[in-house]
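Accompanying notes for the structure given below.
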Amino acid sequence: MTTAAPELCSTVDLIFPISGRFLPRDHAQPLRDALCSAWPWLEGEPLAGVQGIKLVPGTEPQAMLSRRTKLLLRLSRPRASELLDGPGLDIDVAGHALHLDAPHVRELVPHTTLYAYHVVAADTDEVAFMAAVTRELTDLGIGGERVCGKRQRMTLASGVVTTFSLMLHGLAPEPSLHLQQHGIGPHRLLGCGIFIPHKSAAAV
């Protein structure tokens, strides 16, 4: 279920069409580094977030990009306006050339069901992870049902980080928007804690 937002949010999504052939499956760190090199102010934006690029399924270390692959960059409205006026961008991600075409804006609107591909966990303990999630959501004033998904590993320059996917269902409009704007946990520029709309509360 989707309803119109009562007013424009201070945060929006920029959607960049991407041209390229391959990327490492574990590309969060090099993608972040490439974007921060192109836009040095990005690292200092408290609500900025990058949604990891979807790749063709498989088990090999390198993966092909589909023709319809997009990059989602969540930014404050003023920063998003700056990038809308700029040209496309060529970046190098772990030795792979990517071209980001001119983006378009997608407004954040409330959804009853939201999903994050990665939320950082302190360790591999799912029970402890969900307890930490509950504490953070309570602090943000966000209720709803929580469904923990699969455990994953993300390789960073500082070491390996454990993440879980997470779905929230039954969200009221205001908390839904608040969660999309603020996310939960660290490493937003690495694709963690970024919530996007999901069609249903089916299994994560």
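Just a yes or no: is a residue in the range 103-114 within 30 Å of residue 160 (Cβ to Cβ), at pLDDT 95 or above and among the aliphatic types (A, V, I, L, M)?
yes
Can you tell me which residue among 160, 147 is without any contact (Cβ under 8 Å) to a residue 12 or more places away in the chain, not acidic (Asp, Glu) and not in a helix (DSSP H, G or I)?
160
Exactly one of (1) under 17 Å from residue 186 (Cα atoms); (2) not in a helix (DSSP H, G or I) is unmet by residue 32. Its number?
With (1) under 17 Å from residue 186 (Cα atoms); (2) not in a helix (DSSP H, G or I) applied to residue 32, the lone miss is (2).
Take the range 115-144 and flag every residue that is modelled with pLDDT of 95 or more, in a loop (DSSP other than H, G, I, E, B) and charged (D, E, K, R).
Passing the criteria: only 125.
Take residue 74 and decide whether it is open to solvent by less than 60 Å² (accessible area, probe 1.4 Å), in contact (Cβ under 8 Å) with a residue 60 or more places away in the chain and among the basic types (Lys, Arg). Don't jump to the end; show me each part of the working.
Working: open to solvent by less than 60 Å² (accessible area, probe 1.4 Å): yes; in contact (Cβ under 8 Å) with a residue 60 or more places away in the chain: yes; among the basic types (Lys, Arg): yes.
Yes: the conditions hold for residue 74.
Looking only at the range 163-184, which residues are open to solvent by less than 30 Å² (accessible area, probe 1.4 Å) and either part of a strand (DSSP E or B) or small (Gly, Ala, Ser) (or both)?
Of everything in the range 163-184, those that are open to solvent by less than 30 Å² (accessible area, probe 1.4 Å) and either part of a strand (DSSP E or B) or small (Gly, Ala, Ser) (or both) turn out to be 163, 164, 165, 166, 167, 168, 176, 183.
Just wondering, is there one or more residues in the range 55-68 that are surrounded by 18 or more Cβ atoms within 10 Å (Cβ to Cβ) and not hydrophobic (A, V, I, L, M, F, W, C)?
Looking through the range 55-68, none of the residues is surrounded by 18 or more Cβ atoms within 10 Å (Cβ to Cβ) and not hydrophobic (A, V, I, L, M, F, W, C).
For the structure I just gave you, tell me whether residue 34 is surrounded by 18 or more Cβ atoms within 10 Å (Cβ to Cβ), in contact with a helix residue (DSSP H, G or I) (Cβ under 7 Å, 6 or more places away or on another chain), closer than 17 Å to residue 103 by Cβ and among the small types (Gly, Ala, Ser).
When the stated conditions are applied, residue 34 does not pass them.
Kindly indicate the residue of the range 191-204 that is in contact (Cβ under 8 Å) with a residue 12 or more places away in the chain and open to solvent by 20 Å² or more (accessible area, probe 1.4 Å) and also farthest from residue 48 (Cα to Cα) among those meeting that condition. Full working, then the answer.
In the first step, residues of the range 191-204 are kept if they are in contact (Cβ under 8 Å) with a residue 12 or more places away in the chain; the result is 191-201, 203-204.
In the following step, the residues that additionally are open to solvent by 20 Å² or more (accessible area, probe 1.4 Å) were identified as 196-201, 203-204.
Numbers: 196: 14, 197: 17, 198: 21, 199: 24, 200: 26, 201: 26, 203: 28, 204: 25 Å.
Among residues in the range 191-204 that are in contact (Cβ under 8 Å) with a residue 12 or more places away in the chain and open to solvent by 20 Å² or more (accessible area, probe 1.4 Å), the one farthest from residue 48 (Cα to Cα) is 203.
Condition check ((1) on the phi < 0 side of the Ramachandran plot; (2) outside any loop (DSSP other than H, G, I, E, B); (3) open to solvent by 40 Å² or more (accessible area, probe 1.4 Å); (4) not hydrophobic (A, V, I, L, M, F, W, C)) across all residues:
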position: 41; (1), (2), (3), (4): yes, yes, yes, no
position: 53; (1), (2), (3), (4): yes, no, no, no
position: 78; (1), (2), (3), (4): yes, yes, yes, yes
position: 90; (1), (2), (3), (4): yes, yes, yes, yes
position: 99; (1), (2), (3), (4): yes, yes, yes, yes
position: 109; (1), (2), (3), (4): yes, no, yes, no
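The values are calculated or read from the model by the stated rules, or taken from the named source; none is laboratory data. Everything numeric in this text was worked out from a predicted model, so none of it was measured. Here Cβ is always computed from backbone atoms with ideal geometry, including for glycine, and neighbour counts include all displayed protein chains. Just so you know, the surface numbers come from the protein's heavy atoms only, side chains and all, with ligands and any DNA or RNA stripped out. Shrake-Rupley method; radii C 1.70, N 1.55, O 1.52, S 1.80 Å.
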